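One structure is given below, encoded as structure tokens.
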Amino acid sequence: MNPESGKKKHIKSYEEFYDILRDYGYDTKIVFTKAKGDATRIVESLPNDISLVISGGGDGTLNEIVTGDVRREHPLTIAPLPLGSTNDVGNMYGLDQSVYGNLRKILSGKAKKVDVCFINNTPFVYVACLGDYIDMAYNTPRSLKKKYGKIAYVLYGAKQLRNKIHKYHIKYKIDNKEYEGVYSFIFISNSSRIAGQSDVYYDVKLDDKKFEVALANVKDKKDMFRMLVQTQTLDIKDIPGITYYRTDNLEIEFIDPPKTSWCLDGEEYKSASINFKFDLDQCIKMQVPNDNIKKIFKE
């Protein structure tokens with residue numbers, strides 16, 4: 001559990017966690033993270049007889065736990081318990097604001113195989129993205145997120161609107177075909193929900209051995225807002241100005257080094273490289289509620 005998560009205030013008693021898990025036959029230990037990377041180190045060192053690892057935190061905490069899990073010789077079953085500010089993954093699975101209700105939903109659900117995407121051998125759970133304003137996910141002050149929740153991102157983002165939109169000249173290769181273009185935003189994802197927006201893609205399956213690629217050619221801020229509005233009613237691949245692919249491999253070369261960092265699952269991913277390889281090398285077992293299984297899983 002990440003004690004700095006935005007929804008920690010919703011936890012009335014840790015004893016209730018133990019009581020619920022005991023009802024489902026689990027002996028439980030709550031381990032609190034103390035610093036960035038702690039969750040990865042904790043999961044890497046767990047014994048093999050652990051039945052379930054629950055991620056009590058936001059999407060960044062889940063990313064750390066999955067990172068630790070894919071490094072193990074014998075991976076464990078993971079479950080997301082959303083306590084962060086946006087909780088895109090938890091919302092995609094059908095979880096809501098009720099911490100204890102979500103816990104019961106998870107424990108009553110099923111373990112499903114979920115594809116894990118990688119950028120230059122670094123795993124991410126649901127999205128890697130690059131472009132202006134995307135740094136809101138990791139640069140919005142934690143104090144604002146704890147106080148205002150999702151609104152904190154809006155407050156921080158409003159300050160960024162005076163900045164011009166950068167463009168990235170890239171060469172990229174997908175399924176052995178080479179392309180070149182200039183784009184303002186790049187999204188590589190395995191999710192139906194991104195940045196708090198549900199149903200960005202209508203037909204995403206988390207276990208189809210594919211990820212989605214969206215390259216947005218945004219002319220100016222007016223064009224950016226037009227695209228944002230259209231995501232409310234259109235599948236992202238049907239929006240003019242967006243180039244879409246579904247694949248299991250992608251290589252990107254930047255003609256000029258990116259001026260901003262990638263965002264992986266809401267956290268900053270720094271790299272001095274101009275070459276990035278995306279692929280699907282592994283899958284993990286995720287314990288998820290029954291609500292959206294038929295919608296987001298192929299099997």
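Assess whether GLU44 counts as being in contact with a Lys or Arg (Cβ under 7 Å, 6 or more places away or on another chain), modelled with pLDDT of 95 or more and open to solvent by 10 Å² or more (accessible area, probe 1.4 Å).
Criteria met by GLU44.
Where in the stretch 1-120 are the strands (runs of 3 or more DSSP E), entirely inside, with at least 3 residues that are under 27 Å from TYR269 (Cα atoms) and not small (Gly, Ala, Ser)?
The qualifying strands (runs of 3 or more DSSP E) are 77-82, 110-119.
Restricting attention to the stretch 249-269, which residues are farther than 22 Å from ASP208 by Cα and open to solvent by less than 60 Å² (accessible area, probe 1.4 Å)?
ILE252, PHE254, PRO258, THR260, SER261, TRP262, CYS263, GLY266, TYR269, listed by residue number.
Are any residues in the stretch 207-248 of a type outside the set (Lys, Arg), open to solvent by 60 Å² or more (accessible area, probe 1.4 Å) and closer than 16 Å to VAL182 by Cα, and if so, which ones?
ASN217, ASP220, PRO240
Mind checking which residues of the stretch 30-81 are among the polar types (S, T, N, Q) and without any contact (Cβ under 8 Å) to a residue 24 or more places away in the chain?
Restricting attention to the stretch 30-81, the residues satisfying the condition of being among the polar types (S, T, N, Q) are 33, 40, 45, 48, 51, 55, 61, 63, 67, 77.
Scanning the stretch 30-81 gives a single hit, SER45.
Out of curiosity, is TYR148 at pLDDT below 95 and under 30 Å from TYR24 (Cβ atoms)?
Criteria not met by TYR148.
Applying the selection to the stretch 20-61, what residues are more than 18 Å from LYS110 (Cα to Cα), aliphatic (A, V, I, L, M) and out of contact with any Gly (no Cβ under 6 Å at 6 or more places or on another chain)?
Within the stretch 20-61, ILE30, VAL31, ALA35, ALA39, ILE42, LEU46 qualify.
Mind checking which residues of the stretch 67-90 are within 11 Å of the chain's Cα centre (by Cα) and either of a type in the set (A, V, I, L, M, F, W, C) or surrounded by fewer than 19 Cβ atoms within 10 Å (Cβ to Cβ) (or both)?
Residue satisfying the conditions is VAL89 alone.
Which residues, taken from the stretch 186-206, are open to solvent by 10 Å² or more (accessible area, probe 1.4 Å) and touching a Cys at 6+ places or on another chain (Cβ under 7 Å)?
PHE187
Are any residues in the stretch 270-299 touching a helix residue (DSSP H, G or I) at 6+ places or on another chain (Cβ under 9 Å), open to solvent by 30 Å² or more (accessible area, probe 1.4 Å) and polar (S, T, N, Q), and if so, which ones?
Scanning the stretch 270-299 gives GLN282, ASN290, ASN292.
Among the candidates PHE254, PHE211, which residue alone is within 20 Å of ASP132 (Cα to Cα) and of a type in the set (Phe, Trp, Tyr)?
PHE254
Does at least one position in the stretch 107-116 carry a residue that is touching a strand residue (DSSP E or B) at 6+ places or on another chain (Cβ under 8 Å), more than 25 Å from GLU212 (Cβ to Cβ), modelled with pLDDT of 95 or more and open to solvent by 10 Å² or more (accessible area, probe 1.4 Å)?
At the first step, the residues of the stretch 107-116 found to be touching a strand residue (DSSP E or B) at 6+ places or on another chain (Cβ under 8 Å) are 107, 109-116.
So of that shortlist, the ones also more than 25 Å from GLU212 (Cβ to Cβ) come out as 107.
Checking which are modelled with pLDDT of 95 or more leaves us with 107.
When the remaining residues are screened for being open to solvent by 10 Å² or more (accessible area, probe 1.4 Å), the result is 107.
Within the stretch 107-116 (the criterion being touching a strand residue (DSSP E or B) at 6+ places or on another chain (Cβ under 8 Å), more than 25 Å from GLU212 (Cβ to Cβ), modelled with pLDDT of 95 or more and open to solvent by 10 Å² or more (accessible area, probe 1.4 Å)), the answer is yes, since at least one residue qualifies.
The values are calculated or read from the model by the stated rules, or taken from the named source; none is laboratory data. The structure displayed is predicted, hence computed values, not measured ones. Neighbour counts run over all protein chains shown; Cβ positions are idealised from the backbone, glycine included. Accessible surface areas use protein heavy atoms only, side chains included; no ligands, DNA or RNA. Shrake-Rupley method; radii C 1.70, N 1.55, O 1.52, S 1.80 Å.
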